[in-house]
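The values are calculated or read from the model by the stated rules, or taken from the named source; none is laboratory data. No experiment lies behind these values; they were computed from the predicted model shown. So basically every Cβ, Gly included, is an ideal-geometry build from the backbone, and we count neighbours across all protein chains shown. For the accessible areas, the whole protein counts, side chains as well, though only heavy atoms, and no ligand, DNA or RNA atoms are used. Shrake-Rupley method; radii C 1.70, N 1.55, O 1.52, S 1.80 Å.
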Amino acid sequence: MTERLDPDALRELFLFERLDHGQLAWLAERGRVTSYQAGATIYRTGEPAATLFVLLEGTLAMLMRAGGGEIEVNRTDHRGTYAGAFFAYLDLPVARSYLGSLRAVTDCRFWELPAEDFGWAVREWFPMATHMLEGFAVQGMGSQEQIATRERLVALGTVTAGLTHELNNPA
C-alpha cells in the first residue's frame, strides 16, 4: 500500500504552508511517501526530471558535476528541503532533466510528487509568479552563458599569449 500525507501533514512543510485546504487535498491525492536507504542515489544529473522530492526525514546530499566528477554542494537534514523537478512549471529545456544528483546520506523518507502535477499546480495557482520566474530563468541562463563564453575566451587568450611568448623566446 502506498503511504500518503494528508493535507494537514503537507501544511507542516514550509513549501506548502500557505496553500488552502483544496490545494493541499489535491497535492495529497497525487503525492506519495517513499523511503531510501543510506547511500542510495535518488536521481542523477541528466536523467529526465520526473519527480519533485520533499525531505521528511534523514540527511541528503545534493551533488553537481564539475571537472569530470561530482562535488557535494549541499548536505542537509532540514525537513521540507526540496529537490528534483522544481523547474517543472517552466516550458524550457532546463526543466526537462535533473541539473544535479541527489543521494541519501542516511536513511531518508521523501514526499514525492510527479513533475507534471507539480508543474500544473504552480502554473495554475501562481500564474504571475510563474511568468516572473520564467523570465528570471531565461535571463539568468543567458547571462550565465555569456559569462561562460567570455571566461573560455579569456582562458584561450591566456594560453595563446603564453604559447606566442614561448615561440618568440625559446629557452
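The residue of the stretch 59-69 that is surrounded by the most Cβ atoms within 10 Å (Cβ to Cβ), among those that are touching a Ser or Thr at 6+ places or on another chain (Cβ under 8 Å) and under 22 Å from Ala115 (Cβ atoms), is Leu60.
Within the stretch 20-50, the set of residues being buried (at least 16 other Cβ atoms within 10 Å of the Cβ) and free of Cβ contacts under 8 Å to residues at least 60 places away in the same chain comprises Leu24, Ala28, Tyr43.
Give the stretch 78-112 a look and list any residue that's outside any helix (DSSP H, G or I) and farther than 18 Å from Val54 by Cβ, or say none. Quick ask: steps written out before the conclusion?
In the first step, residues of the stretch 78-112 are kept if they are outside any helix (DSSP H, G or I); the result is 78-92, 96-112.
Across the stretch 78-112, the qualifying residues are Leu90, Asp91, Leu92, Arg96, Ser97.
For the stretch 113-129, the candidate set comprises residues that are more than 19 Å from Tyr98 (Cα to Cα) and assigned to a helix (DSSP H, G or I); within that set, the residue that is modelled with the lowest pLDDT is Ala129.
State all residues of the stretch 48-72 that are of a type in the set (A, V, I, L, M) and outside any strand (DSSP E or B); if no residue qualifies, say none.
Answer for the stretch 48-72, where residues must be of a type in the set (A, V, I, L, M) and outside any strand (DSSP E or B): Ala49, Ala50.
Within the stretch 78-103, if we keep just the residues that are in contact with a strand residue (DSSP E or B) (Cβ under 8 Å, 6 or more places away or on another chain) and among the aromatic types (Phe, Trp, Tyr), the residue that is most open to solvent (accessible area, probe 1.4 Å) turns out to be Tyr82.
Which members of the stretch 44-74 meet the condition of being in contact with a Lys or Arg (Cβ under 9 Å, 6 or more places away or on another chain) and of a type in the set (Ser, Thr, Tyr)? Of everything in the stretch 44-74, those that are in contact with a Lys or Arg (Cβ under 9 Å, 6 or more places away or on another chain) and of a type in the set (Ser, Thr, Tyr) turn out to be Thr45, Thr59. For the stretch 3-19, filtered to residues that are closer than 16 Å to Phe53 by Cα and open to solvent by 50 Å² or more (accessible area, probe 1.4 Å), the residue that is nearest to the chain's Cα centre (by Cα) is Leu15.
Of all the listed residues (Thr34, Thr45), the sole one being polar (S, T, N, Q) and part of a strand (DSSP E or B) is Thr34. With the structure loaded, tell me whether Arg75 is free of Cβ contacts under 8 Å to residues at least 60 places away in the same chain, assigned to a helix (DSSP H, G or I), open to solvent by 30 Å² or more (accessible area, probe 1.4 Å) and basic (Lys, Arg) or whether it fails that test. In short, no.
Within the stretch 78-92, residues that are closer than 17 Å to Leu133 by Cα sit with their Cβ atoms under 9 Å from residues that are open to solvent by 70 Å² or more (accessible area, probe 1.4 Å) and aliphatic (A, V, I, L, M), at 6+ positions apart or across chains, in these pairs: Phe87/Leu99; Phe87/Leu133; Tyr89/Leu133; Leu90/Leu133; Leu90/Val138; Leu92/Val138; Leu92/Met141.
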